[in-house]
Every structure is written in structure tokens, then in C-alpha cells.
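The next block holds one structure in the form of C-alpha cells; read it before the comments.
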Amino acid sequence: MLWHFVLPFKVTFWTLATLLGAAVLIAPVLRAKRSRIFLWGFPMVLLAFMPSCSIVMNIMDRSRFGIFDYDASQNIGDVRVERYLPPAARELTIDKYARGYRARFQVEPDLLEDWFDGVWDRYGEYSVDAKVPPQFLSLTREAFDAEFGGLGWPRPTEVVFYQGPVAENGAGFAIWYDSDTGLAYEKSHHW
């Protein structure tokens, strides 16, 4: 849940610790006592930590979250996204955010079915819900907008709905597959 705070925290911590350490080490060159530099520098580092961490996180989030396009699922480079995507997915558009993502991609129906069954074979015993066979659904504008609104994607009308395993912490995925176009629409949550 808080994974996206960890890297900015570490970067900020080690940057400020390095700056304070460097200031303490070069104190004699500045004709100051190391203890005096540390006693003045440490409270300043504490005061600067939260604003600095916020700035670092804002900069990092611009490259971690948002809408990205990929040719194939192997090019994504984010294990939180790749674990819920079929390896055969191609022409992907992914809207990544801290707690999950929304995706649209091309995939053949037999490859999607095989991957989906494999996911249930591997992780089904950990799911809080039982496996439900894929269902044919009519997808209304309201239901599509609730899941994928704001992305400008065309709404399929008839889809096959795949519900993946859902972990106790809410991690999991759901896929709406349009067999007419070969497009899959996925919403995923990770912890």
C-alpha cells in the first residue's frame, strides 16, 4: 500500500545524510568544530526532510505514474504491472497510478484463456473469491466509464468478463475482453 513512498524516502534520507556528513567532515576546513556543525545541521536536516521528500516524490511520480504506451508486455519493466498482464499482450496503453493501473491491449482469445487458467492454477488457492468462469456481458456506458472513464477509449458493447484471483489485501485484476476487436480492457489493484 505504501510502496510508492519507500524510494523517495530512501533518496531523501541518503541525500540529506550525505550532505550532513560532508558538512561535518569538511568543518575543519571551514574553521568550525565538527560537533557544532552537527548540532546545527541535524535539526535543519530534520526540518528539511518532509519538504524535500515531497519534492523528490513529485519528481519521481512524473516518471512512474501516468499514461504509457508499450509494444509488448515484456517492455514494461514494472513487476507490479507485469504480474497481472498476459505475456502475449501487445500494443498496450497503461494508465499507472500508486495503487494499480488501467490497461488496454491486444491479445488473442486462446492465449488470454490459457494465461487466465494458468493464473488461477498458480494463485487460486490464495484467492478470497472462488473462480468464476468467464461471463458474456453487455457493457453499458455507465459501467465502462466507472472503470475506464477519462481515458478516451472506445467502449465495447459485448465483452467476456474475466475475474482473476483476489488476495486478502484486495490485490487482483479484472479483464473485459472484446472478441470482435481483440482488445482487452483491464483494471488491476496491487498492494
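The values are calculated or read from the model by the stated rules, or taken from the named source; none is laboratory data. Remember, predicted model here, so these are calculated numbers, not experimental data. Cβ: placed from backbone, ideal geometry, glycine included. Neighbour counts: every protein chain shown. SASA here: full protein model, heavy atoms, side chains in, ligands and nucleic acids out. Shrake-Rupley method; radii C 1.70, N 1.55, O 1.52, S 1.80 Å.
Counting only protein heavy atoms and a 1.4 Å probe, tell me what percentage of the chain's accessible area is made up of carbon and sulfur.
62
Over region 1-98, what is the mean sequence separation of C-alpha contacts under 8 Å (at least six apart), divided by residue count, expressed as relative contact order in percent?
Rounded, it is 26 percent for region 1-98.
Would you mind estimating how fast region 50-117 diffuses translationally, via Stokes-Einstein at 4 °C and 1.567 mPa s with the Kirkwood radius over Cα pairs, in µm²/s?
The calculation lands on 98 µm²/s.
Just tell me which aspartates and glutamates come within less than 20 Å, Cα to Cα, of LYS96; anything on the same chain fewer than 8 places away is out.
Qualifying aspartates and glutamates at Cα under 20 Å: ASP61, ASP69, ASP71, ASP78, GLU82, ASP145, GLU147, GLU186.
For ALA72 and ARG122, compute 0.36 nm times the residue count separating them, minus their Cα-Cα distance, and round to one decimal in nm.
Answer, rounded to one decimal: 15.7 nm.
In deg cm²/dmol and to the nearest 500, what is the mean residue ellipticity at 222 nm of the chain if only DSSP H runs of at least 4 residues count, each as -39500 (n - 2.57), divided by the residue total?
-14000 deg cm²/dmol
With springs only between Cα atoms under 10 Å, which of ALA174, ALA48, ALA98 fluctuates most in a Gaussian network model of the chain?
ALA48
Just add up the charged neighbours of GLU147: K/R +1, D/E -1, any other residue whose Cβ is under 15 Å from the Cβ of GLU147.
So the environment of GLU147 carries a net charge of +1.
Is region 6-82 rounded, prolate or oblate when judged by the Cα gyration tensor, a ≥ b ≥ c being the square roots of its eigenvalues, rounded requiring a/c under 1.5 and prolate requiring a/b larger than b/c?
Because a/c hits 1.5 or more and a/b exceeds b/c, region 6-82 counts as prolate.
Restricting attention to the alpha-carbon atoms of region 46-191, what are Rg (one decimal) and Dmax (integer), both in Å?
16.7, 58
With point charges of +1 on the Cβ of Lys and Arg and -1 on the Cβ of Asp and Glu, referenced to the Cα centre of the chain, which listed residue (PRO109, ALA32, VAL160) lies farthest in the positive direction of the dipole?
Positive-most Cα among the choices belongs to ALA32.
Kindly sort GLU82, GLU91 by accessible area of their heavy atoms, largest first, with the probe set to 1.4 Å.
Order by accessible area, largest first: GLU91, GLU82.
From the C-alpha gyration tensor of region 104-184, pull out the three semi-axes of the equivalent ellipsoid (sqrt of 5λ each), sorted largest to smallest, in whole Å.
In descending order the semi-axes read 23, 16, 11 Å.
Run the 1.4 Å probe and let me know the accessible area of ASP69, rounded to the nearest 10 Å².
Only protein atoms counted, so the area is about 120 Å².
Per residue, how much accessible area does the chain show when a 1.4 Å probe rolls over the protein heavy atoms, in square angstrom?
Result: 60 Å² of accessible area for each residue.
Along the charge dipole of the chain, pointing to its positive end and built from +1/-1 on Cβ of Lys, Arg, Asp and Glu, which listed residue (GLY172, PHE136, PHE68) has its Cα farthest out?
PHE68
Using a Förster distance of 41 angstrom, determine the FRET efficiency expected from the C-beta separation of ARG64 and GLN106, and round it to 0.05.
0.95
Could you please report the charge total around ARG102, scoring K, R as +1 and D, E as -1 over all other residues with beta-carbon less than 9 angstrom from its beta-carbon?
0
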